[in-house]
Structures are given as structure tokens and as C-alpha cells.
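As C-alpha cells, the structure follows; a few thoughts come after it.
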Amino acid sequence: MRASYLPLLGLLAIGCAPEATTDTPTRTVLSAAGANHPLASYSPDGSRMAGWESSGGEFELWIADGDLGSLTMQGFKVPGPIPILWSPDGTRLAVARPGASNWSIVTIPAAGGDATTVYSGPGLMYPFSWSADGSKLTILATQAGGTYSAQVVDVAAGTATPLIPGERRAHLGFFSPVGQHAVVMIFDSARTTIWAIDSLGAAPRQLTSEGYEAPSNSVAFWSPDGRELVYESTRTGAPDLWVLDFATGATRQLTNDLRADRRASWSPDGEWILFESERGRQTDLWVVPAKGGDAVRLTNDAAIEEAIGWRGSSRQVAYTIAGGTGSVHAVPTAGGTERQLTPDSVTVDYFELSPDGSQVAFTSRRTGSVLDIWVMPSAGGAARLLASPQTVELRVFWSPDGTKLAFRGLGGGTPDPWVLDVATGALQQVLTWSSVEYEVLWGASSSELFVLSDRESRFSDVWRVPLAGGEPVRLTTDGRVNSLHTTLDGGTRVLVAILGGAGGQLGLGEVQPDGTLRTIQDAQSVWSVAWNTPTGSDSIAVQMDDDGGEVASAMMSLEDGGFRPLGPPGARVSYWARGGTMVVYSGRADQGRSIGIIDLASGTERSITPGAAFDVGAEFLPGDSVVVFRRSRPENRIAVLDLADILSRTP
């Protein structure tokens, strides 16, 4: 059931006042103050817009006009915001719908109406591109055996066929906007290259060979005339933008900076390319002539901005301005008066308690990849800034002895594991491989890390890496590990996500001493495992897809993967109590999410925070009488820049 969101519409007049900044285009903010509109996108002609709004702990799809007026909720909800793909004629939206064992691709009328399932199958799937005539979609679909591939979905028939029959390497596919060709990105061990194929998936032709390529923006990968493609490459270190001539394979470098340039999109006439850059250690929007030349800065402020793209055929570009608040709080397990630990001057993106509970490490994102890492006493007191490295994620992890923090940082263009000494602030780059290291976890001691890497692998595998030097040891060899979940029994056992379960699901497995993977559960996707499982426990608390496609919690047997529901619908467990008698979760609330406690002996649950914001990521202090959690009020406001004047003055 759709319903117009009248409270927001009443505030739009306040949010749409033009703003001018020195030497940058005039900005019009469309969203009201405090609005959270992540992953919005414009219709091809710029007359409509679609996006997500938080609703009862989930996110609901909305559709509005191009100025964010007449915003109407569509009744379609997902656990978290996901990309929205407009059809070429602007009449339909394609999105993924999660499920317990099967995911679906659905289309939703832009004029409003119910979602229609166009394809459903085992495993995970996401839409990536429409064909020029709107009759087909390319999708990413995980496959049994531990890989993923591009499939072509016939929207009318509801069938899917491989984009490249017989291709066994992992790959993504993108239709040309003029309907004659497609390109694929093939992932082969640590190398990613771009290939051309015809509309039938035949006549493959390799276009790039460096191995450092990535689609800069899957929606705007192709130029409007289908003759060129813009992509990112880390061949010189940080991500830069390159343009590829589809017919000849010739490439030209558009940007070259020490900081990352990302998320490029073509102007409707193909003359300009919009992109995000972290030059000056802040995230701003820039444009550069597509044929090459000097880049022009469009924004210049400390706010974190994310490009949406060009608005139809106009000279306007849209983007989101990230803001809001984030702070760490403590509350008694029995409920009662909260206390805020972190200062209001810092927006906290992630936190973790030290093993003894005496310190809180937390992070605050300064730009897209520059992260401030702080530490403070959990009892309260001054926060101390430890470092501001370039990173690729928000998380940091305490070593077992509480003296170090591990994270993934950028050292030579690809993510590598780093370690930070908490006492001195000294940084150590643990690996300098040219491959991508996706995740890190501490091992049984503070002298080694478990690292997920695509080195020598068709996808990724687990390595044990000593900090004091010595040869890293590859633990798994079949290239199916998708992520590191957690360790058990003092770091001697490693639980991982396995890509491509029985039907392509994200299964749960354990790394065996001989390097093989023991499957625990692969009939339904398991997204995370609660931390601090008691030593010797035969069960774990997990987050997994339920039958309705929502992420829910369950208690799962380590032996055979059998499970039973845990907590209220939509609960997301995060930590065991240190005494092993309780788990803490984040549950759905009318205005966000609340923190709750589940007593494992009785099975009873109770909320201990009001749920007026997004309360997540909770864990217990020693003694289990106090829970520490992060409270956020995220803000993503949509803004538009008019570039007519600045582009007319730029040669």
C-alpha cells in the first residue's frame, strides 16, 4: 500500500533555498534538514527520482518528481538500501529482493504500483544494466561452487541465460546503451580486465590487459553514444580515471592524483565526466573534459559527498551530502540511565571495546578513505587521536593483548593489512602485496593475523600472516571464501562465509587444519556471526536471511548447521555476554533500531533503549551489567548543482 509522505513534503520549501559557495556553482538542497535519502537515482530524462527512506528498522522505496516533490512511498521494503536501476524509457525500476534461499529481481512501475518478480533463483543476485530496448537485464548471480557470473534475464519471459556461455571465471556484464554490444569485467585471480562481446555473448575481444581495472560507476560505465567507457585503474597507485575506446581498445588517462578519483559518470552529451575526488583529504565533486584537460572543482567543503549523476539532458548534477550524528553510549543491562562516552565534536562510524573492556577504540570518517582512529577510557574521559591513515573500511580490531589495532589501509593502490600501536601511534604495514586484501582478524596471539586475500586465487582465500616477519601461510586453497566472520576458542578456529553454497547462497564454513572448508550451513545465506562466542560452545548466534527475505537472528549448531529463531523478528545479534548467558541485539523500532537483550536460559527478550534513533553494534562490558552501543542519526541530503555557467566558461 502506497502513502504520500506528507510531513517531509511540508518541509521541502525550507530545504530548497539556493546556496552559493566561493568559486563553485550554485547549490540547491532538495532534502529537508535531517532527511536520510541514501542511494537515490534520477530517471533517464531527469523528471523523476527514486530512493530509500528508513521505515521501522528497514528501508522503503519512494518515487518523487525531479525536485523531490510529490514524494510517494511505494510499500516495497528491504533490509538496507540497495542500488535502483531505471529502465531506458524511465517507466520501470529494477531492484533486487533478498530471500532466505532464493533472491529475486523485481520491477516496479515508475508511476506507482506493485512489484513484479521477473526472475527468481538460488543464491544472491543484483541487476546491473538494461538492454537498450528495455527487454532484458544483465544481473550478477552467485553460482554453486564458489563464483559469480553475469546472467541475461528476459523480463517478459522470466528466464535467465549466461551472458557468456561457458565462461567459468567470475565476471560482470554491462549492455551497451545503443544495443549492439556488451562489455564484461573478468576477475581472474588478482587481475581484472575488460572484454567486449557481441549482443549474443559471442566473439570475445580483450580490451585491457593491465589487470587493475574496475567499473567506476556501473550505471554510467558506457558513454551515451556507446563508443567509449570510463573506468577506474590503480595501475599508478590510487584509483584514477581512464577512458577506453571500444572499437580500437586505445586508452587515455583522465586523472592522475595521489588521492582517489572515483564514481565517474558521463554528461548526456558525452563532453564531460563527473567524478568524486579525495584531493585535499576531503571528498568533493569535480568535472573533467571527456577528451582530456584540466579538472574543475565543483564543491569545496568538509562534508562527505557522493555523486548521484547528471540530471537528464540538463547541465545539472545531483549528489548526496552525508551528515548526521554518531556517538558511543553505555546503558545498564537491566535498563536505566544512559551515559554518552564520546564527545559531540566527533561523529563515530564504528567502535570496539578492548579485550579487558577498559578502552574504547572508535573511528570517524574524514573523507571517503581518510579515517581518524581514536581511543578513550570506557569509564569516560578524554579521547585521544591515534592516527589518520588512508583506509578502505571503517572497522578496527583490538589485538588479544589490547596493545594494537588492526585495519585495512591503502599503501600502494590496493588494500593491505596494517597494525597501529595504541601506546605510540606507530603504524606498521603488514603486507605489500599487489593483490587485494579484503579483511583481517587477529589469530590466537597478538603476533599474527588472519587475512583474506585474492593472491594466487580465483576469488579469495585465508592466509595466516606473522607480524614480526616470516613467510605468510595460505590456509585455504579453493578460492571460495567471501569474508572472515569471527574466531572461536581463543583464535584457534576460524569461521568464514563461503561463496556459492548448494545453490549459490552465502554459506557458513570453518577452516580446517588441512586447509579444507567444512560446510556448516549453505541452504540459506548467513550474513554474520555474533562475536565473543563462549569457549567450547557447540552453538553460535548468527544473522541470516529468513523466509521473508529479512535479516533475522538464529542460534545455530556448529556441528550440523541446524538452527532455531532467536529474538524478535528483524533482530540482529552482535555479541555474547562475557558470561555466556545472554546475547545483545539491535531490533526494529518505529523510528530506527533499539538495543535489546536475550536471556538464553529463558528465551525472553527485552529492549533497553527507546529506539528513537539507530542504536546498533552493542557489546558487553566485563561483568555483563553494562552494554556499550553506537547511536546514529544518519543524514543523506540530496542536492543539485547548476553547471551551465561554469561549463560555458571552461574551454
Notebook entry, point to check: Would you pick out the residues in region 496-528 that are open to solvent by 10 Å² or more (accessible area, probe 1.4 Å) and under 18 Å from residue 576 (Cα atoms)?
Noted result: 527, 528
Item checked: Sole exception among (1) under 25 Å from residue 544 (Cβ atoms); (2) surrounded by fewer than 23 Cβ atoms within 10 Å (Cβ to Cβ); (3) at pLDDT 90 or above; (4) not basic (Lys, Arg) for residue 444, by number -> (1)
Checklist line | Test set (1) open to solvent by less than 10 Å² (accessible area, probe 1.4 Å); (2) at pLDDT 95 or above; (3) closer than 19 Å to residue 123 by Cα - residue 134 fails condition number | finding: (3)
Check: Filter region 604-651 for residues that are touching a strand residue (DSSP E or B) at 6+ places or on another chain (Cβ under 9 Å) and basic (Lys, Arg); which is nearest to residue 287 (Cα to Cα)?
Finding: 637
Check: Looking at (1) at pLDDT 95 or above; (2) on the phi < 0 side of the Ramachandran plot; (3) not β-branched (Val, Ile, Thr), can you tell me which one residue 580 breaks?
Finding: (2)
Notebook entry, point to check: In region 121-131, what residues are over 22 Å from residue 91 (Cβ atoms) and open to solvent by 50 Å² or more (accessible area, probe 1.4 Å)?
Noted result: 122
Next item on the list: Find all pairs meeting these conditions: Cβ atoms under 8 angstrom apart; at least six residues apart or on different chains; first residue within region 431-442 and in a loop (DSSP other than H, G, I, E, B); second residue open to solvent by less than 20 Å² (accessible area, probe 1.4 Å) and charged (D, E, K, R).
Entry: 431/416; 431/437; 432/416; 433/416; 435/454; 436/454
Margin query: For region 167-180, give me each residue that is open to solvent by 50 Å² or more (accessible area, probe 1.4 Å), at pLDDT below 90 and either under 22 Å from residue 225 (Cβ atoms) or of a type in the set (Phe, Trp, Tyr) (or both).
Written below: 180
Margin query: Can you pull out every residue in region 211-259 that is of a type in the set (S, T, N, Q) and either open to solvent by less than 40 Å² (accessible area, probe 1.4 Å) or within 19 Å of residue 274 (Cβ to Cβ) (or both)?
Written below: 216, 217, 218, 223, 233, 234, 253, 255, 256
Next item on the list: Kindly list the number of the only condition in (1) crowded, with 22+ Cβ neighbours inside 10 Å; (2) of a type outside the set (D, E, K, R); (3) in contact (Cβ under 8 Å) with a residue 24 or more places away in the chain that fails for residue 594.
Entry: (3)
Margin query: Can you tell me which condition residue 474 does not meet? The list is (1) open to solvent by less than 30 Å² (accessible area, probe 1.4 Å); (2) more than 26 Å from the chain's Cα centre (by Cα); (3) over 28 Å from residue 259 (Cβ atoms); (4) not β-branched (Val, Ile, Thr), and all the others hold.
Written below: (1)
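Being open to solvent by 30 Å² or more (accessible area, probe 1.4 Å) and touching a residue at least 12 places away in the same chain (Cβ under 8 Å) is the filter; apply it to region 144-157 and report the residue that is nearest to the chain's Cα centre (by Cα).
We begin by selecting, within region 144-157, every residue open to solvent by 30 Å² or more (accessible area, probe 1.4 Å); these are 144-145, 148, 154, 156-157.
Now narrow it down to the ones that are touching a residue at least 12 places away in the same chain (Cβ under 8 Å): 144-145, 148, 154, 156.
Working: 144: 23, 145: 24, 148: 18, 154: 28, 156: 31 Å.
Checked region 144-157; the qualifying residue nearest to the chain's Cα centre (by Cα) is 148.
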Next item on the list: Could you grab me the full set of residues in region 608-631 that are assigned to a loop (DSSP other than H, G, I, E, B), more than 24 Å from the chain's Cα centre (by Cα) and at negative phi?
Entry: 608, 609, 610, 612, 621, 622, 625
Next item on the list: From (1) within 18 Å of the chain's Cα centre (by Cα); (2) in a strand (DSSP E or B), pick out the condition that doesn't hold for residue 395.
Entry: (2)
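Here's the yes/no breakdown for (1) among the acidic types (Asp, Glu); (2) out of contact with any helix residue (DSSP H, G or I) (no Cβ under 9 Å at 6 or more places or on another chain); (3) open to solvent by 30 Å² or more (accessible area, probe 1.4 Å); (4) at pLDDT 95 or above:
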{"residue": "276", "(1), (2), (3), (4)": "yes, yes, no, no"}
{"residue": "283", "(1), (2), (3), (4)": "no, yes, no, no"}
{"residue": "307", "(1), (2), (3), (4)": "no, yes, no, no"}
{"residue": "314", "(1), (2), (3), (4)": "no, no, yes, no"}
{"residue": "318", "(1), (2), (3), (4)": "no, yes, no, yes"}
{"residue": "325", "(1), (2), (3), (4)": "no, yes, yes, no"}
{"residue": "328", "(1), (2), (3), (4)": "no, yes, no, yes"}
Next item on the list: Identify all residues within region 477-492 that are open to solvent by 20 Å² or more (accessible area, probe 1.4 Å) and either more than 15 Å from residue 406 (Cβ to Cβ) or free of Cβ contacts under 8 Å to residues at least 40 places away in the same chain (or both); write none if there are none.
Entry: 477, 478, 480, 482, 489, 490, 492
Next item on the list: Would you check which residues across region 404-422 are over 21 Å from residue 350 (Cβ atoms) and surrounded by fewer than 17 Cβ atoms within 10 Å (Cβ to Cβ) and list them?
Entry: 412
Notebook entry, point to check: Any idea which of 349, 401, 454 is among the charged types (D, E, K, R), free of Cβ contacts under 8 Å to residues at least 60 places away in the same chain and either surrounded by 21 or more Cβ atoms within 10 Å (Cβ to Cβ) or over 24 Å from residue 495 (Cα atoms) (or both)?
Noted result: 349
Note to self: Going through 570, 549 one at a time, which residue ends up being modelled with pLDDT under 95, within 15 Å of residue 528 (Cβ to Cβ) and not in a strand (DSSP E or B)?
What the structure shows: 570
Checklist line | Condition broken by residue 208, with the remaining ones in (1) of a type outside the set (A, V, I, L, M); (2) open to solvent by 10 Å² or more (accessible area, probe 1.4 Å); (3) over 18 Å from residue 285 (Cα atoms); (4) part of a loop (DSSP other than H, G, I, E, B) satisfied | finding: (2)
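Being in contact (Cβ under 8 Å) with a residue 12 or more places away in the chain, over 23 Å from residue 83 (Cβ atoms) and of a type outside the set (Ser, Thr, Tyr), is that true of even one residue in region 125-143? Can you show your working first?
Going residue by residue through region 125-143, those that are in contact (Cβ under 8 Å) with a residue 12 or more places away in the chain are 125-143.
Next, only the ones that are over 23 Å from residue 83 (Cβ atoms) stay: none.
Checking region 125-143: not a single residue is in contact (Cβ under 8 Å) with a residue 12 or more places away in the chain, over 23 Å from residue 83 (Cβ atoms) and of a type outside the set (Ser, Thr, Tyr).
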Next item on the list: Filter region 84-95 for residues that are open to solvent by 20 Å² or more (accessible area, probe 1.4 Å) and in a strand (DSSP E or B) and give the result.
Entry: 86, 92
Next item on the list: Could you grab me the full set of residues in region 181-197 that are free of Cβ contacts under 8 Å to residues at least 40 places away in the same chain and open to solvent by 50 Å² or more (accessible area, probe 1.4 Å)?
Entry: 191
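The values are calculated or read from the model by the stated rules, or taken from the named source; none is laboratory data. All of these numbers come straight from a predicted model, not from anything done at the bench. Neighbour counts are summed over all protein chains in view; Cβ atoms, including those assigned to glycine, are modelled from backbone coordinates with ideal geometry. Each accessible area value is taken on the protein alone, full model and side chains, heavy atoms only, with ligands, DNA and RNA left out. Shrake-Rupley method; radii C 1.70, N 1.55, O 1.52, S 1.80 Å.
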